[in-house]
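Here is the structure we will look at.
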Amino acid sequence: MNTIKSLLRFVLIGFELILLFGYSYFIIAVIGNHVPTGKLESASERYIYVQSNGVHTDVTLPVSDTTMNWLSFIPPKDFPTASDFEFITFGWGDKGFYLDTPNWSDLKISTALYAACLPSPTAMHVSYSSEPETTSFRKKVFIDQEGYIKLITYIKKSFHLKNNTVQLIKHKSYTYNDNFYEANHSYHLFRTCNRWTNSALQTAGVKTGIFALFPKGIMKHL
């Protein structure tokens, strides 16, 4: 009888801890989304795009300007059939999720749970394109030169380099103009794909949520 009571007490405590963690995570997410940091430039020589599909966010920059030429960092030979090299888009996220889920219909419960519950390897998603259009889910953001340089440095440091070279994950692209590369840092509940974008904007001094784990905490401030 005492064994059963002890077991029930253990289960109850575990359940309460899970509820407490979930509540704490919710509070952190709400505050992190709504409390802003940084500022928006009304006009500047430099600009970027920030975009969301409702779940994930990316950052888009010009491929080449007087500050940075991304073609020297992300080899065009990795994109043999691509033709538009005006803008380059970067995203960071769980490697398994990226590679195993080209479409939402491909999402497996095991992949989602692993990404959410355990620190996991990550990848950088890179795509080349012509200049994107501004829409409700894609915002044009002006940025000063100092912030622009910091943003470039942040993105470059997100790649895992070997012999000072980005590491292509072969045969895993979604289309002709995108690729995946090995990335630094692990993915977990408090370091999500959106938190990566959020940190990128914070590094650049751009207005964003103070600790945004979801797209809303990024897009609502732009």
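Structure notes:
- Cβ-Cβ distances below 8 Å connect the following pairs, each with a first residue in region 63-86 that is in contact (Cβ under 8 Å) with a residue 60 or more places away in the chain, a second residue that is surrounded by fewer than 15 Cβ atoms within 10 Å (Cβ to Cβ) and among the small types (Gly, Ala, Ser), and a separation of six or more residues or different chains: 84/130.
- Positions within region 201-222 being in a helix (DSSP H, G or I) and buried (at least 24 other Cβ atoms within 10 Å of the Cβ), in sequence order: 201, 204, 217, 218
- There is no residue in region 131-148 that is free of Cβ contacts under 8 Å to residues at least 24 places away in the same chain, more than 27 Å from residue 43 (Cα to Cα) and surrounded by fewer than 22 Cβ atoms within 10 Å (Cβ to Cβ).
- Residue among 126, 141 that alone is in contact with a strand residue (DSSP E or B) (Cβ under 8 Å, 6 or more places away or on another chain), of a type in the set (A, V, I, L, M) and under 19 Å from residue 39 (Cα atoms): 141
- Within region 74-92, being within 23 Å of the chain's Cα centre (by Cα) and polar (S, T, N, Q) holds for one residue alone: 89.
- Members of region 167-179 found to be assigned to a strand (DSSP E or B) and charged (D, E, K, R), listed by number: 178
- When region 161-207 is filtered for residues that are touching a Pro at 6+ places or on another chain (Cβ under 7 Å) and among the basic types (Lys, Arg), only 207 remains.
Here, each number is a calculation from the coordinates, and none is a lab measurement. On a predicted model such as this, the values are computed, not experimentally measured, just so you know. Counting neighbours? That spans all protein chains shown, and the Cβs are built from the backbone with ideal geometry, glycine included.
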